[in-house]
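Below you'll find the structure, written out as structure tokens, and then a few comments.
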Amino acid sequence: MQSTESTPKEGVPNVSSTLDQLNNLISESLQIYELENQKANTIDDLYNSLKIITEFLSFSVTIHPGIFHLPEDSQITLLPNLDMVIRLANGKTEIKKISDYSPDTLTQIIQYVIPQILQLITSEKAYLTEKITFLRSATKQLSQLSNLRNGATTTPENPDGVPQ
């Protein structure tokens, strides 16, 4: 009489071991799936946050072509809407979204452009401060003229020229 139980053959895993491996495969695959979702959500969040900043500032910055493994004579410009204009030496031009790239490339892009954006912000702050200072001085001078017209004069006791 033949037994209904089969004996494991040498080198072939038994059923129980295979089921354990299958469960492990499913568990690990689900973890990878979750990580991929987190990656996509993180990239979307980064993209949306950075886009708010760059659109408000309206700055365009250049990106080194080596990040994209392009020849040095290529030109890449990151626009305020986070589109990239890629101009190759042969005249070909493409437009790509920053969010189309892998996390590694995104990291390199961010590391390259953030210092440029900070430098542009510093320059813009200095420019705006200078203009505001000028406008305040001009306003003060013009208000003195307006006070003269109204009969008020400035004196050491009344430096603002307010009629008393």
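Here are the numbers for this structure:
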{"item": "Selected residue (criterion: modelled with the highest pLDDT) from residues of segment 75-107 that are among the hydrophobic types (A, V, I, L, M, F, W, C) and open to solvent by 60 Å² or more (accessible area, probe 1.4 Å)", "result": "95"}
{"item": "Residue within segment 124-135 that is modelled with pLDDT under 95, surrounded by 11 or more Cβ atoms within 10 Å (Cβ to Cβ) and farther than 21 Å from residue 64 by Cα present", "result": "yes"}
{"item": "Residue within segment 48-61 that is in contact with a strand residue (DSSP E or B) (Cβ under 9 Å, 6 or more places away or on another chain) and part of a strand (DSSP E or B) present", "result": "yes"}
{"item": "Filter result for residue 52 (closer than 22 Å to residue 107 by Cβ, open to solvent by 80 Å² or more (accessible area, probe 1.4 Å), of a type in the set (Val, Ile, Thr) and modelled with pLDDT of 95 or more)", "result": "no"}
{"item": "Check on residue 44, under 15 Å from the mean Cα position of the chain (by Cα), modelled with pLDDT under 90 and over 30 Å from residue 125 (Cα atoms)", "result": "no"}
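The values are calculated or read from the model by the stated rules, or taken from the named source; none is laboratory data. Bear in mind the structure is a predicted one, so any value in this text is a computation, not a measurement. All Cβ positions, even for glycine, are placed from backbone atoms using ideal geometry, and neighbour counts span all protein chains on display. Each accessible area value is taken on the protein alone, full model and side chains, heavy atoms only, with ligands, DNA and RNA left out. Shrake-Rupley method; radii C 1.70, N 1.55, O 1.52, S 1.80 Å.
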